[in-house]
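K.L.:
Okay, handing you the structure first.
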Amino acid sequence: MQYKSLNLKKLQIICYPDPLLKKVAQPVEEITEEISDLAESMVDIMVKSSGIGLAATQLGIPLRIITMSVTGKRDDAEIIINPTLSNLSGSSEMEEGCLSVPNVRANVRRANACTVDALDVDGNPFCMDAVELAATILQHETDHLNGILFIDHLNTVSRLSCRRALKQLEKEYENR
Ligand code: NI
């Protein structure tokens, strides 16, 4: 895929069970203008969709770029390129949803705190400690880069309660 030829106006969030959501994303090798434009577009799409996190994978682009905004506001948005998580500690359960899995919400147990090492949109390395909601978003979005959805973490009871909504999404995907 040629990212130079990406039409940023045509970017769309893809939904479960699109197989592109299962693809493992590749690291960004160089932060070109195309990459920074893409990252800025991701922030636009995230905010417009009332999301608090977005991974490039969700636009069908297999590159390790995520955006997040704990408040959902543009001013608080962060662009995080090639993230690696470490120091995962504690455990808490939070209700999650996902722009790629509309109409499904479920509790997911994750680490309560983590550290992220990444590059910003100018290519500068940074390190950030995150707790609670921010830590949850980082884990959820990094999962996307590895082809994992939050519904892959559900226990049997939660999975059962989401089954009908997931079936509906599968039907919509078939008939799209
Ligand atoms: Ni998601």
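No value in this document is a laboratory result; all are computed from the given coordinates. What you are looking at is a predicted structure, and each value in this text was computed from that prediction instead of being measured. Note that we place each Cβ from the backbone using ideal geometry, even for glycine, and neighbour counts take in every protein chain shown.
K.L.:
Could you pull out the pairs from LYS9/LYS73; LYS9/LYS171; LYS9/LYS48 whose alpha carbons sit more than 18 Å apart here?
P.N.:
Values: LYS9/LYS73 21 Å; LYS9/LYS171 27 Å; LYS9/LYS48 13 Å.
With Cα atoms farther than 18 Å apart: LYS9/LYS73; LYS9/LYS171.
K.L.:
Of the options SER92, GLN26, GLY123, report the single residue whose Cα projects farthest towards the positive end of the charge dipole of the chain (beta-carbon charges: Lys, Arg +1; Asp, Glu -1).
P.N.:
SER92
K.L.:
Could you size up the charge dipole of the chain around its Cα centre, putting +1 on the beta carbon of Lys and Arg and -1 on that of Asp and Glu, and report it in debye to the nearest 20? Let's see the in-between values first.
P.N.:
Details: 18 positive and 25 negative charges, 210 e Å.
That gives a dipole near 1000 debye.
K.L.:
So what are the ³J(HN,Hα) numbers for segment 106-113, from phi and the Karplus equation (6.51, -1.76, 1.60; θ = phi - 60°), rounded to whole Hz, Gly and Pro as x?
P.N.:
Result, rounded to whole Hz: 7, 6, 10, 8, 9, 4, 7, 9.
K.L.:
Still on this model: Run lengths n ≥ 4 of DSSP H only: what is the helix-derived mean residue ellipticity at 222 nm for the chain, with -39500 (n - 2.57) per run over all residues, to the nearest 500? Let's see the in-between values first.
P.N.:
Values: 3 runs with 49 residues, N = 176.
That calculation yields -9500 deg cm²/dmol at 222 nm.
K.L.:
So, one more: Any chance you could check the Cα centroid distance between segment 155-176 and segment 75-146 for me, in angstrom?
P.N.:
24
K.L.:
Let me ask you something else. Let a ≥ b ≥ c be the square roots of the eigenvalues of the Cα gyration tensor of segment 5-89; is it rounded (a/c under 1.5), or, if not, prolate (a/b larger than b/c) or oblate? Can you show the working numbers first?
P.N.:
Numbers: a/c = 1.17, a/b = 1.05, b/c = 1.11.
It comes out rounded by the Cα gyration axes.
K.L.:
Output the DSSP H helices from the chain with an along-axis C-alpha extent of no less than 15 Å and a mean Kyte-Doolittle hydropathy no less than -0.5. Display every interim value, and only then the final one.
P.N.:
Numbers: long enough: 33-48 (22 Å, 0.24); 132-145 (20 Å, -0.16); 156-174 (26 Å, -1.00).
Those that pass (Cα extent of 15 Å or more, hydropathy at least -0.5) are 33-48, 132-145.
K.L.:
Please enumerate, by chain and number, the lysines with C-alpha under 24 Å from the C-alpha of LYS167, excluding those fewer than 8 residues away in the same chain.
P.N.:
Cα-Cα hits under 24 Å: LYS22, LYS23.
K.L.:
Just flag the trypsin sites (Lys or Arg not before Pro) in segment 1-99 sitting in loop per DSSP whose Cβ has no more than 14 other Cβ atoms within 10 Å. List each step's numbers first, then the result.
P.N.:
Numbers: sites: LYS4, LYS9, LYS10, LYS22, LYS23, LYS48, ARG64, LYS73, ARG74; in loops: LYS23, ARG64, LYS73.
Hits after loop and neighbour filter: LYS73.
K.L.:
Among LEU145, ILE79, GLN168, which residue has its Cα positioned farthest towards the positive end of the charge dipole of segment 40-176, with +1 placed on the Cβ of Lys and Arg, -1 on the Cβ of Asp and Glu, and the dipole taken about the Cα centre?
P.N.:
GLN168
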